[in-house]
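Asks: Sharing a structure here in structure tokens format.
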Amino acid sequence: MVIVMQHGASAQQISAIVTRVESMGYRAHLVQGEERTIIGVIGDDRPIDRTNFETLDGVDKTIPILKPFKMASRDMHPQDTQVALDGVKIGGPQIVIMAGPCSVETREQIIETALAVKEAGAQVLRGGAFKPRSSPYSFQGLGEEGLELLAEARQVTGLPIVTEVMSPEQIPLVMRYADMLQIGARNMQNYALLQAVGKANHPVLLKRGMMSTIEELLMSAEYILSNGNSRVVLCERGIRTFEKYTRNTTDINAVPVIKQMSHLPVVVDPSHGTGKWEYVTAVARAGIAAGADGLIIEVHPHPEEAWSDGAQSLKPEKFAQMVRDVKRVAEAVGRR
Ligand code: PEP
Ligand code: MN
């Protein structure tokens, strides 16, 4: 449940409620809104009689949270959360575009791509150094060497870096280089990894599993939030359906659904969502029109030579055109 404090409840009244919640064995999650403070009761609160709390000083009312996710729920946190990476804020009025290659391949490739996506208007550089590949015989990523190249690209361009981490043991290493930790679709329900990034003091990009429901995505976010990390951005990257013309089916519905149910920012990945570069711009526009806070796009200077996901990678010129198109859609829906 959440305990909604009265307008102008005093700090003393708030801390008395927090103490009471904690003495009952729950965690109290304080959300200081512009208008009033709300206190989330974290844990299985079914045994609590809510009316007891409503008689306490400074309390306006209590509201049960019936959804299985609590900290990710908008009931707990009515305002939109903004997640900052350096100066870039995801979830505010400005659309944030993350772009770069699927995998970091060589110094020339990552630097050339980073400069091009920055020039076109991207605010974050993506690139995988640890790659979750369907085949053990496919390129698995450059590992730490890839992270070093990403750090060089950041030095050259100033763009913050988002890159995937595949296991709890990799987290300290990846954190040394990355500004944001990406949890890939295949790991969305790797609970040990979710708990570990929950304890890491780094923003997280959580991608939806290819066969996961929206509720499962939000429950995975709950793992991260309940372990102490509030900087989570969700990513719709397409789900598996019976349709074969595209690699996945971008679930545009998920954008307004998540926006209604959760306060967390949402970005759309039309590259993995479609699997074909020809459709990326159209679906990027759709994502922003539906209310997404940003996009993550695969870009490669020579897609035909890419070591992974070439078919869905935009060439830099096409990416620049996509940014111009998306900007017009963003303005049409009241975003920058
Ligand atoms: C990626 O971003 O390159 C990637 C592997 O994505 P996903 O986890 O969504 O398949
Ligand atoms: Mn990829």
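The values are calculated or read from the model by the stated rules, or taken from the named source; none is laboratory data. Nothing here was measured: the structure is a model prediction, and the numbers come from that model. All Cβ positions, even for glycine, are placed from backbone atoms using ideal geometry, and neighbour counts span all protein chains on display. What goes into the accessible areas is simple: the full protein's heavy atoms, side chains included, and nothing from ligands, DNA or RNA. Shrake-Rupley method; radii C 1.70, N 1.55, O 1.52, S 1.80 Å.
Asks: Out of the residues in the stretch 184-206 that are farther than 8 Å from residue 227 by Cβ and of a type in the set (S, T, N, Q), which is nearest to ligand 1 (Cβ to nearest atom)?
Replies: The selected residue is 187.
Asks: Give me the residue from the stretch 117-132 that is part of a loop (DSSP other than H, G, I, E, B) and open to solvent by less than 10 Å² (accessible area, probe 1.4 Å) and, out of that set, nearest to ligand 1 (Cβ to nearest atom).
Replies: This residue is 127.
Asks: Looking at the structure I just gave you, is residue 164 under 15 Å from the mean Cα position of the chain (by Cα), within 16 Å of ligand 2 (Cβ to nearest atom) and touching a residue at least 12 places away in the same chain (Cβ under 8 Å)?
Replies: yes
Asks: Separate question: Are there any pairs with C-beta distances below 6 angstrom linking a residue in the stretch 289-300 that is under 15 Å from residue 273 (Cβ atoms) to a residue that is more than 12 Å from ligand 1 (Cβ to nearest atom) and of a type in the set (Gly, Ala, Ser), with the two at least 6 apart or on different chains, and if so which?
Replies: 295/284
Asks: Hey, another quick one. Considering each of 249, 281 in turn, give the residue that is among the polar types (S, T, N, Q) and more than 16 Å from ligand 1 (Cβ to nearest atom).
Replies: 281
Yes/no matrix, rows are residues, columns are (1) modelled with pLDDT under 95; (2) away from ligand 2 (no atom under 16 Å from the Cβ); (3) open to solvent by 30 Å² or more (accessible area, probe 1.4 Å):
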| position | (1), (2), (3) |
| --- | --- |
| 174 | no, yes, no |
| 184 | no, no, no |
| 200 | no, yes, no |
| 205 | no, no, no |
| 213 | no, yes, yes |
| 217 | no, yes, no |
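Asks: Continuing with the same structure: Which residue is farthest from ligand 2 (Cβ to nearest atom), if the candidates are limited to the stretch 284-315 and must be open to solvent by 30 Å² or more (accessible area, probe 1.4 Å) and part of a helix (DSSP H, G or I)?
Replies: 289
Asks: Just to be sure I understand, how many residues within the stretch 284-336 are among the acidic types (Asp, Glu), touching a Ser or Thr at 6+ places or on another chain (Cβ under 9 Å) and on the phi < 0 side of the Ramachandran plot?
Replies: Here the count works out to 2.
Asks: Let me ask something else. Among (1) crowded, with 24+ Cβ neighbours inside 10 Å; (2) in contact (Cβ under 8 Å) with a residue 60 or more places away in the chain, there is one condition residue 236 misses while meeting the rest; what is its number?
Replies: (2)
Asks: What number goes with the only condition from (1) more than 25 Å from residue 83 (Cα to Cα); (2) of a type outside the set (A, V, I, L, M, F, W, C); (3) open to solvent by less than 20 Å² (accessible area, probe 1.4 Å) that residue 144 does not pass?
Replies: For residue 144, the exception is condition (3).
Asks: Just checking, does the stretch 95-108 include any residue being of a type in the set (S, T, N, Q) and either open to solvent by less than 10 Å² (accessible area, probe 1.4 Å) or touching a strand residue (DSSP E or B) at 6+ places or on another chain (Cβ under 8 Å) (or both)?
Replies: Scanning the stretch 95-108, I find at least one residue that is of a type in the set (S, T, N, Q) and either open to solvent by less than 10 Å² (accessible area, probe 1.4 Å) or touching a strand residue (DSSP E or B) at 6+ places or on another chain (Cβ under 8 Å) (or both), so the answer is yes.
Asks: Another question about this same structure. How about the stretch 1-116: which strands (runs of 3 or more DSSP E) wholly inside it have at least 1 residues that are within 26 Å of the chain's Cα centre (by Cα)?
Replies: Result: 2-5, 27-32, 37-42, 83-85, 88-90, 96-100.
Asks: Taking residue 23, is it open to solvent by 90 Å² or more (accessible area, probe 1.4 Å), of a type in the set (Gly, Ala, Ser) and modelled with pLDDT of 90 or more?
Replies: In short, yes.
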